[in-house]
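First up is the structure itself, then whatever we jot down about it.
The values are calculated or read from the model by the stated rules, or taken from the named source; none is laboratory data. Everything numeric in this text was worked out from a predicted model, so none of it was measured. Backbone-built Cβ (ideal geometry, glycine too); neighbour counts: all protein chains shown.
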């Protein structure tokens, strides 16, 4: 039996209202060789009945620890040459697979990154609210991993690259995507950025993609905890440690700003003091990242 060309992994929990559209967006690619793995964490809202309408799916139905545990389960089952990650409430743009295949016709290319579109529904029609493309907005960069948007769903990956990066660290359910992106940066795979829109992110009340604003305190805590953990795990004088020092500096500054706004300067000062204990130079590392952050933020706002 010939292995499929594409494997798409979709984690899912209680998404009866949107999972069908996500599946249809894969089918609409009209690609002859696709393995679509749905990892359902035990939905109780009718998701199972929706999935039953699509016998071509590979459905894994069992409890998971979080979103990234579910994705890892799907990745371990993947058999395709090219792997994509599709959320249960998002859509692949028309022609996404074809555009990826053109870019990956060069066997030395390990990864392709496309543009990302954000949309919402108003009065029964779709309204595009944002469009991100180009290296500054969606590129495989440390800046995008640490302090900017990480559009991992706009990328397709050769399976050996997914295996090399070792999936997602599900100890940090609000920051594992950024950590995944940074570890990809450190692997420095040969990749290309294409102008074609690959992913369409749906904005709605239950979306994890758009929840960061409401969960800013938790997100900033996870970012800082992840940095501290990685610094304890990485060898001294390594590229990984240097990168996570910069992450740590950014996370300290971000966490302190969130705390200052929410609970007062005292809590923020304690976070900053703890940052000094781990890295006395963290303010300098934080300030060094600000110019690029604001420059890239301006580019994203133009999208």
Need at least 2 residues that are free of Cβ contacts under 8 Å to residues at least 40 places away in the same chain and either closer than 15 Å to residue 153 by Cα or over 19 Å from the mean Cα position of the chain (by Cα) (or both) per element, so show me which helices (runs of 4 or more DSSP H) inside region 1-100 make the cut, counting only ones lying wholly within it. 19-27, 47-52
Unmet criterion (only one of (1) in a strand (DSSP E or B); (2) surrounded by 17 or more Cβ atoms within 10 Å (Cβ to Cβ)) for residue 121: (2)
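Residue-by-condition table, conditions (1) in contact with a helix residue (DSSP H, G or I) (Cβ under 9 Å, 6 or more places away or on another chain); (2) in the same structural domain as residue 286 (by TED's automatic domain parsing); (3) at pLDDT 95 or above:
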{"residue": "105", "(1), (2), (3)": "no, no, no"}
{"residue": "108", "(1), (2), (3)": "no, no, yes"}
{"residue": "111", "(1), (2), (3)": "yes, no, yes"}
{"residue": "115", "(1), (2), (3)": "yes, no, yes"}
{"residue": "143", "(1), (2), (3)": "yes, no, no"}
{"residue": "147", "(1), (2), (3)": "yes, no, no"}
Inspect region 149-161 for any residue being over 25 Å from residue 4 (Cβ atoms) and either in a loop (DSSP other than H, G, I, E, B) or touching a helix residue (DSSP H, G or I) at 6+ places or on another chain (Cβ under 7 Å) (or both) and give the result as yes or no. yes
Top-ranked residue of region 124-139 - restricted to ones that are buried (at least 20 other Cβ atoms within 10 Å of the Cβ) and either modelled with pLDDT of 95 or more or in contact with a strand residue (DSSP E or B) (Cβ under 6 Å, 6 or more places away or on another chain) (or both), ranked as farthest from residue 191 (Cα to Cα): 132
